[in-house]
1. Please give the length that would be gained between S32 and Y194 if that part of the chain were fully extended, namely 0.36 nm times their separation in residues minus their C-alpha to C-alpha distance (nm, one decimal).
2. With all pairs of different alpha carbon atoms counted, what Kirkwood hydrodynamic radius in Å does the stretch 66-113 show?
3. Roughly how many debye, to the nearest 20, is the charge dipole of the chain about its Cα centre, given +1 on each Lys and Arg Cβ, -1 on each Asp and Glu Cβ, and no other charges?
4. Work out how much length V59 to R202 would gain on full extension: take 0.36 nm times their residue separation and subtract the Cα-Cα distance, in nm to one decimal.
5. Quick check on my link table: of K77/K239; K122/K208; K122/K177; K208/K243; K160/K244, which ones sit more than 29 Å apart, alpha carbon to alpha carbon?
6. Which of the peptides 132-144, 29-41 is most tightly packed, and how do the rest follow, judged by the mean count of other Cβ atoms within 10 Å per residue?
7. Can you tell me what share of the DSSP beta bridges in the chain is antiparallel? A percent to the nearest 5 is fine.
8. Give the Rg (one decimal place) followed by the Dmax (whole number) of the stretch 3-244, computed from C-alpha coordinates and expressed in Å.
Amino acid sequence: MNFPVVAKEINLAESLGAQQSNASIAETAVPSYLSEVYDWAYLNPRNVALLDRTLVVDVLLFGNARRLMRAATNEIKPGQKVLMAAHVYGDFVNKLANAVGPTGHLDIIDVAPIQIAHARQKVGHLPQVSIRQADAAGPHDNDYDMVLSFFLLHEVPDGKKRSIVDALLAGVKPGGKAVFVDYGRPSRLQPIRYILDFVNERLEPFAKALWRHEISEYAGEPEAYHWRKKSFFGGVYQKVVVKKR
Ligand SMILES: C[S@@+](CC[C@H](N)C(=O)[O-])C[C@H]1O[C@@H](n2cnc3c(N)ncnc32)[C@H](O)[C@@H]1O
């Protein structure tokens, strides 16, 4: 089957910005958890083309996508500099670009070249947006008003959760914040809990760690920060806003 290989090369070429060389693409390797567990969802070109829609995200989040996206964009003020730690399917990157506005700046990173290509197709033309291949585990600039991880942590192994949380916290400038939107621990009265249990067992091996651990537990120095958590949909989802003490 030649098609997927050719498509991958085309997307890789599209994903290269003028500022990004082949050498830097090679340096940011696609992590093994991504190719071994999530190839079908994030690397396979045909599936990526099918899945990159807001409707898909909304179905996966049991109708909560818009509410959770709004919970994240409400944290942004026009003119701010924001780091988006991974590409998200659908129109969320457009909403983030609108939230920072023409006087702000949105940096979108993703570790997968094909995801970079998709982000470029959606918002690459906007002057306030820059997009590049990079690992959320950093290092990052340290002058962001806000860094955002949206449903990234549940898809990475625990060691990687720690590196990502610490790298994102280090990217926040004094007075700024980190925002994590992800799965939490669902209440036993929430029937979706049992569906997710089934799905996680088969498709999302790193997700249930967020049922057992607070996101603050992944930080190297949690006491240095103030952690504010809000639960959604009977605990299925959480938003955690983190500010330096
Ligand atoms: C944000 S998460 C899940 C988002 C959500 N399920 C959606 O609908 O898109 C998926 C993205 O994370 C990216 N990703 C995984 N590990 C990463 C890492 N260490 N650094 C940056 N991006 C990463 C994947 O390439 C993928 O594009």
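All of the numbers you see were taken from the coordinates with simple rules; none came from a lab. Bear in mind that the values here come from a model prediction, so they are computed numbers and not experimental data. Here Cβ is always computed from backbone atoms with ideal geometry, including for glycine, and neighbour counts include all displayed protein chains.
1. 55.5 nm
2. Taking every pair of different Cα atoms in the stretch 66-113, averaging 1/r and inverting gives 10.9 Å.
3. Details: 30 positive and 26 negative charges, 206 e Å.
Result for the chain is approximately 980 debye, rounded to the nearest 20.
4. Value of the extension gain: 49.7 nm.
5. Working: K77/K239 17 Å; K122/K208 31 Å; K122/K177 26 Å; K208/K243 25 Å; K160/K244 22 Å.
Too far apart for the 29 Å limit: K122/K208.
6. Ranking, from highest mean packing down: 132-144, 29-41.
7. Details: 14 of 32 bridges.
Bridges in the chain are about 45 percent antiparallel.
8. Both quantities, over Cα of the stretch 3-244: 17.1, 52 Å.
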